[in-house]
Amino acid sequence: MHRVTIKLLLIMLSSVHVQAQMWQQNDLIFNPSGVPSLPFSQPRFADLDDDQDMDMILGNINGPPLYFENTGSVTSPHFQPGDDLFDSVQELDCEIGVCSDLDADGDLDFISGGYTGLQFYENTGTSMAAMFEKVDGFFDGLSLDPNPVPHFADMDNDGDVDMVIGLSESGAINYYQNFGNPETAIFLGGTEESWFDVGLYAYPWFSDMDADGDSDLFVGRDGYGFYYYQNVGNSEAWTWNNASSQFAGLGGSTYWNSPCLVDLTGDGKQDLVHGTASGPLRYYRNTGSLTTASWSEVTSLFGGVIDVGGASNPVFIDFDHDGDFDMLSGSQMGDIKYYENTGNVSGPAWSANHSRFSSIDHSIYSAVTAGDLDGDGDYDLVVGDLSGNLYYHQNTGTSFGFVTSEFTGINVGGWSSPRLYDIDSDNDLDLCVGREDGQISYYENTGTATSAAWTENASYFSGIDVGSNAVVALGDVNNDAYLDMVIGDLFSEVQFFTRVGGVWEEVFDDEWTSDLDLGQNVTPAFVNLIGGTNIDLVVGNYDGTLQYYENLIMSSVEDGNLLPNVSSLQPAYPNPFNPAVTIHYELNNTMHTTLTIYDLKGVWIKTLWNKTQVFGTHELEWTGLNGQGLQVDSGVYLVVLKADGIRQTQKITYLK
């Protein structure tokens, strides 16, 4: 993962308040287990802190392995990020790694397989506090292709550990006897025995699965399912029986299944954890006996992570009209993913319901946005993809009909990523489209809220170019009443702009910065999923996962009893809003105050306050209900503050 800094603006709201903004990552929003989904995940387990429970090493193709400490117990595991034990492991050395004590000093060493072949990292720390130092040349005598997959067991019962290697391109499984001793392992080239061939990318694992005192062999591969070779002989004379049927039905919906067998419940039976090409880990508890396994999937330990399978591109809207934000996302394969928020406005919970959109699939690398384009109260879809075209799918209530005439003649040249906003505040939705060339196209809706007509406005985003694969998100991030914009790109970066005086200006403010770990093809979106009043940042990426960054507004009050210089209406936020907007205003004396909502025609909607208030800062919340308690329509509304002779007005936008 690359490191990138997003430049943020320091806003001086008055002589009393100083506000600044920075981002704080919150992984639990899209990953409640805390264990990430990494492409081509390779979970392995070892007790690296000598507390008698199994910790996890998570290999992947993004970088060095990650260490997750088991902070639970032998019988009830819980994994959370631990110390950076593998910071000394070079990225090209390790796509996968296992632990074994190859020098008989009582602690676990680390053996990695990666592009550079097989590497040995000696534990120069202790059994409770590991430190890994590379030993050059340890496996130089072996002739291995890139990305070998090792595992170790004392196969010949001579007191030292022997090695099995899964090969990548050939899919072969080779066995190497240890010709050294417990203190000094020696593996010699040319002595290997070729045992099996499972096709491509063999992932072997030794385990005494049937509890008969010898090691059996379990293998994943580039393909569905698993191979299991049961040793029906003994540790001196191996006899292999293909008993793969014992794992029938497992790994059938995923591929590049990289497995390990480990007792995570303290009952003496081997459970199954395996990685996948797309990233999410799968966990099956052995609910059978010591000799005959029976498998039951457990989703609570590693489950809940949102991963669309590649090229996530999220947008948020209250699709089911229940008062909280649901999520739509494009994907690498071109289908549309839908996650219903079954939680609430301050605590999301996600339930996948992709089948509702299964009929929409135009080309790969899809992007989607939603809005009511025909004025019937439900959400229609605009879809982009790698071709640069735009597709309109009208929501009929039971399906999404493809209206071929809506965007006739519009093509942005490649990788179209559409977003709908009421840019010109005329109560209909306009269209912003990120492009493969790093620029943004703007199509103003010159029709109506019920019948759109699209007219390109080439000047609105003129001069903005982020290089490649632009994806745009708009909103008032820093609550200064100016529209802000974040643009993602191909290169693991985001750029931040604010619009002042009708012109977009990139923000360069080094006083307030925040490092964000962003993947390739950054696809930002603004939303608040945790309550409060700020709009937060969600980022999709090429891997298919999502990251949530809380927008922190920090305030410093020099003297809470000071009067504001003047009575004034401050920026409301979030704006646009759903389900609620907070309206702020300051009074420089005790006075009679009214705060009223009107529509753009001047029709009274609701009075939020009409009485005397003391000096100071005040805030009121409006949930979009009119004076009769009915929900208003989506659109732009006016907030009018009257206080002893002053009158100030502000526009706010309600989005259903």
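For this structure, a couple of remarks:
- For the residues Thr239, Thr299, Thr287, Thr291, the requirement of being open to solvent by 10 Å² or more (accessible area, probe 1.4 Å), at pLDDT below 90 and touching a strand residue (DSSP E or B) at 6+ places or on another chain (Cβ under 9 Å) singles out Thr299.
- Some residue of segment 176-185 being buried (at least 16 other Cβ atoms within 10 Å of the Cβ), among the polar types (S, T, N, Q) and over 21 Å from Gly59 (Cα atoms): yes
- From the options Pro36, Pro81, Pro32, residue that is at pLDDT below 90 and in contact with a strand residue (DSSP E or B) (Cβ under 7 Å, 6 or more places away or on another chain): Pro81
- Annotation: of all residues in segment 603-633 being in contact with a strand residue (DSSP E or B) (Cβ under 6 Å, 6 or more places away or on another chain) and of a type in the set (Ser, Thr, Tyr), the one that is least open to solvent (accessible area, probe 1.4 Å) is Thr607.
- Test: residue in segment 72-91 that is in contact with a Pro (Cβ under 8 Å, 6 or more places away or on another chain) and within 30 Å of Glu236 (Cβ to Cβ): no
- So Ala172, is it at pLDDT 90 or above, small (Gly, Ala, Ser), under 34 Å from the mean Cα position of the chain (by Cα) and surrounded by 14 or more Cβ atoms within 10 Å (Cβ to Cβ): no
- The lone exception for Glu193 - which of (1) modelled with pLDDT of 90 or more; (2) among the charged types (D, E, K, R); (3) surrounded by 13 or more Cβ atoms within 10 Å (Cβ to Cβ) it fails: (3)
- The single condition from (1) farther than 25 Å from Ser492 by Cβ; (2) open to solvent by less than 20 Å² (accessible area, probe 1.4 Å); (3) at pLDDT below 90 that His17 fails is (2).
- For first residues located in segment 439-462 and touching a residue at least 40 places away in the same chain (Cβ under 8 Å) and open to solvent by less than 70 Å² (accessible area, probe 1.4 Å), partners that are assigned to a loop (DSSP other than H, G, I, E, B) and of a type in the set (Gly, Ala, Ser) and lie 6+ apart or on another chain with Cβ distances below 7 Å form the pairs Ile440/Ala470; Ala449/Gly375.
- Some residue of segment 409-417 being β-branched (Val, Ile, Thr), open to solvent by 30 Å² or more (accessible area, probe 1.4 Å) and not in a strand (DSSP E or B): no
A quick yes/no check of all residues on (1) buried (at least 22 other Cβ atoms within 10 Å of the Cβ); (2) of a type in the set (Val, Ile, Thr); (3) within 26 Å of Asn257 (Cβ to Cβ); (4) under 22 Å from the mean Cα position of the chain (by Cα):
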site	(1), (2), (3), (4)
Met56	yes, no, yes, yes
Gln80	no, no, yes, yes
Cys94	yes, no, yes, no
Ala104	no, no, no, no
Ser112	yes, no, yes, no
Gly117	no, no, yes, no
Thr124	no, yes, no, no
Lys134	no, no, no, no
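- The set of residues from segment 368-402 being outside any strand (DSSP E or B) and within 16 Å of Leu429 (Cα to Cα) comprises Asp372, Leu373, Asp374, Gly375, Asp376, Gly377, Asp378, Tyr379.
The values are calculated or read from the model by the stated rules, or taken from the named source; none is laboratory data. Since the model is a prediction, treat every value here as computed from it, not as a measurement. Here Cβ is always computed from backbone atoms with ideal geometry, including for glycine, and neighbour counts include all displayed protein chains. Accessible surface is based on the protein model in full, side chains and every heavy atom, while ligands, DNA and RNA are left aside. Shrake-Rupley method; radii C 1.70, N 1.55, O 1.52, S 1.80 Å.
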